[in-house]
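Below is one structure; the comments refer to it alone.
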Amino acid sequence: MTPKRRNRIILIVLMIAGVGIATGFALKAFNENLMFFYQPSQVIAGEAPAGRLIRVGGLVTTGSVQRQPDGLTVQFALTDNIETIRIQYTGILPDLFREGQGIIARGRLGDDRIFIAEEVLAKHDENYMPPEVADALKAAHEKGVSETGAAGTTP
Amino acid sequence: MFNNFFHKLASPKYFYGFSGRLLPWLATGFILLTLAGLYYGLVKAPPDYQQGDSYRIMFVHVPSAWMSLFIYVVMAGAGAIGLVWRIKLAEVISISSASVGASFTFLALVTGSIWGKPMWGTWWVWDARLTSELILLFLYLGIIALHNAIDDKRIAARATAILAIVGVVNIPIIHYSVEWWNTLHQGPTVTKFDAPSIHLSMLIPLLLMAVAFKLYYLMVVLMRARCEVIERERNTGWVKQLVESQ
């Protein structure tokens, strides 16, 4: 390898390293702004700006979905398994919305600690499987839970 | 012997003949794999437990997104080889890749949008994954524009190579965006360290389509590179001979 070529390689490597480090610092500085949503525990801890339009993401707590008499307004609890906040939304929910599903709500936190959502988006996970497999997994999981639960009660 | 093969391949004349013989095979492979992938993906694969039949757009969306990253790395790598060793063929491969990569990025964005509307409830959000992929499209377009703006092909190749290498920093950002930040887009399915969380009956058509798209890229990039090689070498003896023989 001629010295000229070696110098060019060194230059390219330095360029990639320089740009990479600069981008790394920039992303670190903007880390918070790059987060698409806050988690319920962050909202409860007061990390999210109050009264401003924010997004909250988490799982819909099982058994928490309540429909109001007008048929369009829904109240449900959103959890990140640490804290829970109540969310109220008027409108059409996405097809994937269901209890236990990950969702992202955009809106404001009201004074009564109820989050008034203007938009609800459904997140889906990275798992893809036929319905039968999902059912089998669920059954196995429930069996496992009941077994460990039973084992826990015996001294 | 291996080294010798690469030296020969890098000569425009040998490349022209070699790629011409390769093209029909690539085309056949692409057509067969696409048909097989579409058959297994759209007919044979079962519906998803959550998304029903809508998830099937994945068989186009995911390979396109993979290709958008893969082609960028090839383009930047070929550009770097062109910069260091001044191999003309590397420059040709690099710039020929740009428009194919831009097309795949566009396809990934559009199919993702069509998938997002029924599943997430929105066509577009400014989350880290979607935004970084959009930046990738702009990078591709910028590289094509820069190349077209400079008349001297050698200088153009050097300038685009540098831009392409600078843009490489975006590739890990796209890949890890769903892990570093919380996003609407879900995390990786296939390229994670433990077993892929996708059922085998869905993974097979996905991989078939991924290989098919790779062959398509190879085919198109060779076709474009052949044009470019002929145009650049138009004053050399072997191109004149080629034209006269036809």
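Starting from 0.36 nm per residue, how many nanometres of slack lie between B:I144 and B:K44 once their C-alpha separation is accounted for?
32.0 nm
Once a ≥ b ≥ c are taken as the square roots of the eigenvalues of the Cα gyration tensor of segment B:15-245, is the result rounded (a/c under 1.5), prolate (a/b larger than b/c) or oblate (a/b not larger than b/c)?
Oblate shape, in that a/c is at least 1.5 and b/c is the bigger or equal ratio.
If you place +1 on the Cβ of every Lys and Arg and -1 on the Cβ of every Asp and Glu, how big does the dipole about the Cα centre of chain B come out, in debye to the nearest 20?
Dipole magnitude for chain B comes out near 720 debye.
How large is the helix-only mean residue ellipticity at 222 nm for chain A, computed as the sum of -39500 (n - 2.57) over DSSP H runs with n ≥ 4, divided by its residue count, in deg cm²/dmol to the nearest 500? Numbers along the way, then the final one.
Numbers: 4 runs with 59 residues, N = 155.
Value at 222 nm, helices only: -12500 deg cm²/dmol.
Of all GluC sites (Glu not before Pro) in segment A:52-127, which ones are in loop regions per DSSP and have a Cβ with at most 15 other Cβ atoms within 10 Å? Numbers along the way, then the final one.
Values: sites: A:E83, A:E99, A:E118, A:E119, A:E126; in loops: A:E83, A:E99, A:E126.
Sparse-neighbourhood loop GluC sites (Glu not before Pro): A:E83, A:E99, A:E126.
What's the longest bit of chain B with no exposed trypsin sites (Lys or Arg not before Pro), using DSSP loop states and at most 15 other Cβ atoms within 10 Å as the test? List each step's numbers first, then the result.
Details: sites that count: B:R86, B:K192, B:R234.
Longest run free of exposed loop sites: B:87-191.
Could you give me the ³J(HN,Hα) list for segment B:147-156, computed from phi with Karplus coefficients 6.51, -1.76, 1.60 and θ = phi - 60°, whole Hz, x at Gly and Pro?
Listing the rounded values in order: 5, 6, 7, 10, 6, 5, 5, 5, 5, 4 Hz.
Using each residue's phi in segment A:60-70, evaluate 6.51 cos²θ - 1.76 cosθ + 1.60 at θ = phi - 60° and report the 3J(HN,Hα) Karplus result to the nearest Hz, with x for Gly and Pro.
Residue by residue, segment A:60-70 yields 6, 5, 4, x, 9, 6, 10, 8, 7, x, 6 Hz.
Among residues other than A:A48 whose Cβ falls under 11 Å from its Cβ, what is the net charge (Lys/Arg +1, Asp/Glu -1)?
+1
Using the Cα centre of segment A:1-89 as the reference point, and only Cβ charges (+1 on K/R, -1 on D/E), how large is the resulting charge dipole? Debye, rounded to the nearest 20. Spell out each step's value before the answer.
Numbers: 9 positive and 5 negative charges, 176 e Å.
For this selection, approximately 840 debye.
For each pair in A:K4/B:K240; A:K4/B:K8; B:K8/B:K153; A:K4/B:K13; B:K8/B:K240; B:K88/B:K240, compute the distance between the two Cα atoms and list the pairs where it is over 30 Å.
Values: A:K4/B:K240 34 Å; A:K4/B:K8 23 Å; B:K8/B:K153 22 Å; A:K4/B:K13 27 Å; B:K8/B:K240 20 Å; B:K88/B:K240 19 Å.
Beyond 30 Å: A:K4/B:K240.
Express in nm, to one decimal, how much length is gained between A:L14 and A:D125 on full extension, taking 0.36 nm for each residue of separation and deducting their alpha carbon distance.
36.1 nm
Can you list the lysines whose alpha carbon sits under 29 Å from that of A:K28, skipping same-chain ones fewer than 8 residues off?
Here the lysines satisfying the reach criterion relative to A:K28 are A:K123, B:K192.
If you average the C-alpha positions of segment A:54-80 and of segment B:4-37 separately, how far apart do those two centres end up, in angstrom?
First find each Cα centre; the distance between them is then 56 Å.
Using θ = phi - 60° and the Karplus curve 6.51 cos²θ - 1.76 cosθ + 1.60, what whole-Hz ³J(HN,Hα) does each residue of segment B:122-127 get, with Gly and Pro shown as x?
For segment B:122-127, the Karplus curve yields 8, 6, 8, 9, 8, 8 Hz.
For segment A:110-131 and segment B:87-157, what is the separation of their C-alpha centers, rounded to whole Å?
31
Would you mind estimating how fast segment B:65-193 diffuses translationally, via Stokes-Einstein at 10 °C and 1.306 mPa s with the Kirkwood radius over Cα pairs, in µm²/s?
It comes out at roughly 104 µm²/s.
Within segment A:117-137, what residues put their amide N at less than 16 Å from the label point 7 Å along the Cα-to-Cβ vector of A:K143?
A:132-137, by backbone N distance to the label point.
Helix B:88-119: angle to the longest alpha-carbon principal axis of chain B, degrees 0 to 90, nearest 10?
For B:88-119 against chain B, the angle is about 20 degrees.
Every read-out reported here was derived from the displayed coordinates using simple, explicitly stated rules and does not represent laboratory data. It should be emphasised that the depicted structure is a prediction, and the values quoted were computed from it without experimental measurement. Backbone-built Cβ (ideal geometry, glycine too); neighbour counts: all protein chains shown.
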